[in-house]
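S.K.: To start, I am sharing the structure in question, which I have written as structure tokens.
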Amino acid sequence: MSTTHPREFVPEAIGPLHGCRVLDLSRLVSGGHCGMVLADLGADVIKIERPGVGDELRHGRIAGVAAFWTVYNRNKRSVSLNLKTPEGRELLLKLVKTSDVVLENFRPGTLEKLGIGPDILLETNPALVVTRISGWGQTGPYAHMPGFGTLAEAVSGFMYRNGTADSPPLAPPTALSDMVAGLYAATATIAAVLHARSGGDGQTIDVSLFEPLASIMGPDALLDQLGHLPTRGEGTRASSVKGVFITADDKWVALSAAAEGIVQKLFNAIGSPEALDDPRFSSYEGRLDHRAEINEIIGQWIVQRTAAEVLASLRNEGVTVAPVFSTADARNDPHFQAREVYVDMPGRDGEPETIAMHNVVPRMSGTPSGLRMPAPRLGEHNDEILTELGISDTARRDLTQRGVLGSELKEGANV
């Protein structure tokens, strides 16, 4: 039973990006995650969606809840705008004049075909930042191809390395490439906005799904050049002693002795200090080459003890060790609860009374961010935002009747 902390949304919460306006034309995870990061940090993120359809994430429900939509689109406002109409594009360009960022993750060329490519957007607002996320990037021989996260995980080197020695290449259990691309895109967007606000020009940011994931593979390119690229199941070579081990009560613990001092403490703690006198284990490189033998020694000690005994014994000696948690375990852990890593926010529209989600990351002392509003209903803020543009009630009704605007979500719509 989870005991995360019930919270209320705080509309007046102000983060460090307060005053920055982002037009989020994206859909699915990579753009959704980028926009969420910016919104969590205080930006006014306006989600631009197709009338009647909205972001595809609205339609993917688990136990009746659009879970991905609910998390990735919190703290945003929604305008349902048909960009295939001249009036829709005109309204978008009106918003562009008062915005800092346009975020999109269509296939390259889509905005250009609509007549609102970066050249038009930057002509409308020369200080604008146009952040573009795509499967393969805006240039190169693959740019025209559709691309999703699984393909990026396949070509980046991640999937090749992920898994065990006797398993096939293994995809991650989360939308990893989308989320990493979203983080890179958010970082670049903030940097470009700072540049523009310091008197620089606006610009276009080109983020693919596969390059950010390739970058987090660390020194693999260099290791390959040196002839030492780790094989699947070998893990990182940043630590010579690390692994995941099963305990006597069928639980799992993970340890990483990344510093030489901790290696010594570990072998003292398991009663085998003499093992480090073995030439195979006395050096960093030797331990890397004989990781299986070292893990056998450690594993034999751990499997004879319960998880509680292992954690207490090793932590008492200053060894870096932790239990392997599921998210359910983490939500019930006192440290996670004290730091409010996960929070229960009010549900809406047939959702459970509370909706669990991760809290805003990171924490800032001077400009704290917060959860200001739930993920919006389709077109929930049409009137609010178009009023800000000076569009009258009569004009809004006319635009709605002609399909330029729309707030009704049609279940089962062709997305």
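S.K.: For the subset of the stretch 127-179 comprising residues that are of a type in the set (Phe, Trp, Tyr) and assigned to a loop (DSSP other than H, G, I, E, B), which member is modelled with the lowest pLDDT? Spell out how you get there, then give the answer.
M.R.: Step one: list which residues in the stretch 127-179 are of a type in the set (Phe, Trp, Tyr), which gives 136, 142, 148, 158, 160.
Narrowing the set further to residues that are assigned to a loop (DSSP other than H, G, I, E, B) leaves 136, 142, 148.
Details: Trp136: 97, Tyr142: 96, Phe148: 91.
Of everything passing the filter in the stretch 127-179, Phe148 is modelled with the lowest pLDDT.
S.K.: Considering the stretch 324-339 alone, what residues qualify as being open to solvent by less than 50 Å² (accessible area, probe 1.4 Å) and not small (Gly, Ala, Ser)?
M.R.: Step one: of the stretch 324-339, the residues open to solvent by less than 50 Å² (accessible area, probe 1.4 Å) are 330, 333, 337.
Asp333, Gln337, listed by residue number.
S.K.: Let me ask another. Taking the stretch 149-161, which residues are touching a residue at least 40 places away in the same chain (Cβ under 8 Å) and open to solvent by less than 70 Å² (accessible area, probe 1.4 Å)?
M.R.: Our first condition is that a residue be touching a residue at least 40 places away in the same chain (Cβ under 8 Å); within the stretch 149-161, this holds for 149, 151-153, 155-158, 160-161.
Answer for the stretch 149-161, where residues must be touching a residue at least 40 places away in the same chain (Cβ under 8 Å) and open to solvent by less than 70 Å² (accessible area, probe 1.4 Å): Gly149, Ala152, Glu153, Ser156, Gly157, Phe158, Arg161.
S.K.: Across the stretch 42-69, what is the number of residues that are open to solvent by less than 20 Å² (accessible area, probe 1.4 Å) and within 14 Å of the chain's Cα centre (by Cα)?
M.R.: Number satisfying all stated conditions: 1.
S.K.: Could you check the stretch 289-381 for strands (runs of 3 or more DSSP E) lying wholly inside it with 2 or more residues that are touching a residue at least 60 places away in the same chain (Cβ under 8 Å), farther than 16 Å from Glu8 by Cβ and of a type in the set (Phe, Trp, Tyr)? Before the answer, list the steps.
M.R.: Details: elements: 321-323, 342-346, 354-358.
Result: empty, no element qualifies.
S.K.: Quick check on my filter: what residues within the stretch 296-323 are surrounded by fewer than 14 Cβ atoms within 10 Å (Cβ to Cβ) and of a type in the set (Val, Ile, Thr)?
M.R.: If the condition is that a residue be surrounded by fewer than 14 Cβ atoms within 10 Å (Cβ to Cβ) and of a type in the set (Val, Ile, Thr), then Val303 is the only one that fits.
S.K.: If I filter the stretch 70-111 down to residues being in a loop (DSSP other than H, G, I, E, B) and among the basic types (Lys, Arg), which single residue comes out as surrounded by the fewest Cβ atoms within 10 Å (Cβ to Cβ)?
M.R.: Step by step, filter the stretch 70-111, then rank; the result is Lys84.
S.K.: Can you work out which of the residues in the stretch 113-148 that are over 20 Å from Tyr184 (Cα atoms) and of a type in the set (S, T, N, Q) is least open to solvent (accessible area, probe 1.4 Å)?
M.R.: Asn125
S.K.: Oh, and also: Need pairs with beta-carbon distance below 7 Å; first residue more than 18 Å from Ser313 (Cβ to Cβ) and within the stretch 265-288, second of a type in the set (S, T, N, Q) and crowded, with 19+ Cβ neighbours inside 10 Å; sequence gap 6+ or separate chains.
M.R.: Here the result reads Tyr284/Ser240; Arg287/Ser240; Leu288/Ser240, each pair linking the stretch 265-288 to a residue that is of a type in the set (S, T, N, Q) and crowded, with 19+ Cβ neighbours inside 10 Å.
S.K.: Further question on the same structure: Taking Tyr184 and the conditions (1) in contact (Cβ under 8 Å) with a residue 60 or more places away in the chain; (2) hydroxyl-bearing (Ser, Thr, Tyr); (3) touching a strand residue (DSSP E or B) at 6+ places or on another chain (Cβ under 8 Å), which numbered condition does it fall short on, given that it satisfies the others?
M.R.: Only one criterion is unmet by Tyr184, namely (1).
S.K.: A further question follows. Which residues, counting only those in the stretch 198-237, are without any contact (Cβ under 8 Å) to a residue 24 or more places away in the chain, assigned to a helix (DSSP H, G or I) and open to solvent by 60 Å² or more (accessible area, probe 1.4 Å)?
M.R.: Listed by number, the residues that qualify are Ala221, Leu222, Asp224, Gln225.
S.K.: Moving on. Looking only at the stretch 165-189, count every residue that is open to solvent by 50 Å² or more (accessible area, probe 1.4 Å) and of a type outside the set (Ser, Thr, Tyr) and tell me the total.
M.R.: Of the residues in the stretch 165-189, the ones open to solvent by 50 Å² or more (accessible area, probe 1.4 Å) are 165-166, 168-170, 173-174, 183-184, 187.
If we keep only those that are of a type outside the set (Ser, Thr, Tyr) as well, we get 165-166, 168-170, 173, 183.
The total comes to 7.
S.K.: Within the stretch 321-331, can one find any residue that is more than 24 Å from Gly42 (Cβ to Cβ) and in contact with a His (Cβ under 8 Å, 6 or more places away or on another chain)? Give the derivation first.
M.R.: Narrowing the stretch 321-331 to residues more than 24 Å from Gly42 (Cβ to Cβ): 321-331.
Filter once more, keeping what is in contact with a His (Cβ under 8 Å, 6 or more places away or on another chain): none.
No, the stretch 321-331 contains no residue that is more than 24 Å from Gly42 (Cβ to Cβ) and in contact with a His (Cβ under 8 Å, 6 or more places away or on another chain).
The values are calculated or read from the model by the stated rules, or taken from the named source; none is laboratory data. What you are looking at is a predicted structure, and each value in this text was computed from that prediction instead of being measured. Positions of Cβ are generated from backbone atoms using ideal geometry, with glycine treated the same way; all protein chains shown enter the neighbour counts. In case anyone asks, the SASA skips ligands and DNA or RNA and just uses the protein heavy atoms, side chains included. Shrake-Rupley method; radii C 1.70, N 1.55, O 1.52, S 1.80 Å.
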